[in-house]
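*Asks:* Before we start, here is the structure in question, set down as structure tokens.
Just so it is clear, none of the values below were taken in a lab; they were calculated from the coordinates. None of the values given here were measured: they were computed from a predicted structure. Here Cβ is always computed from backbone atoms with ideal geometry, including for glycine, and neighbour counts include all displayed protein chains.
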Amino acid sequence: MADTTQFDLVSPERRLASAQVTAVQIPGADGDMTAMAGHAPTITTLRPGVLSAEGSDGTTEYLVTGGFAEISADGITVLAERAMPKSEVSAEQMDALIKEAEDALNTAKETFVNEPGPVDDAAKLLADMVAVGDQIRV
């Protein structure tokens, strides 16, 4: 069997995963990445997306809305702002996340007039949430 590493996924509400895995696909803010045993130590921020963990029981997917991932010699730890098993995401939950991102964009447009940085960040968040909704097709 391939080398495994410890994987932990936690959100403020609960611990979602703690298992030995062969690979974790992470939706990083600077691009998607796959972390495996022996990966170089790395810390990255997360963008909204689907995080998947491959283990002896198959692949498990989770919706994450942001947070951080730390890859070290001890394993892969993901601290998510929000996370839930992809199989548990309902259309209503996805709509609420998209609405929240739309509201954040509208607030940024009102608050940061002629300051594109925060508005661009909010627009990117909204685009990422819509893309996640399309990807998981709820």
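*Asks:* Which angle between 0 and 90 degrees, to the nearest 10, do you get for helix 116-136 versus the longest principal axis of the chain when only C-alpha atoms count?
*Replies:* Here the helix axis deviates by roughly 60 degrees.
*Asks:* Next question, about the same structure. Give me the number: length gained by fully extending residue 121 to residue 90, i.e. 0.36 nm times residue separation minus the C-alpha to C-alpha distance, one decimal in nm. Display every interim value, and only then the final one.
*Replies:* Values: separation 31, 0.36 × 31 = 11.16 nm, distance 2.57 nm.
Length difference between fully extended and current span is 8.6 nm.
*Asks:* From zero up to wherever the largest Cα-Cα distance of the stretch 30-135 sits, split into 10 Å bins and tell me the percent of pairs in each.
*Replies:* With 10 Å bins starting at 0, P(r) equals 14, 39, 31, 14, 2, 0.
*Asks:* Net charge near residue 92: determine it from the other residues with C-beta under 13 Å of the C-beta of residue 92, scoring Lys and Arg +1 and Asp and Glu -1.
*Replies:* In short, -2.
*Asks:* Looking at the square roots a ≥ b ≥ c of the eigenvalues of the Cα gyration tensor of the stretch 5-86, which shape do they give, rounded for a/c under 1.5, prolate if a/b is larger than b/c, or oblate?
*Replies:* rounded
*Asks:* Can I ask one more? At a Förster distance of 30 Å, what's the computed FRET efficiency of residue 136 paired with residue 42, Cβ-Cβ distance as r, to 0.05?
*Replies:* Rounded to the nearest 0.05, the efficiency is 0.70.
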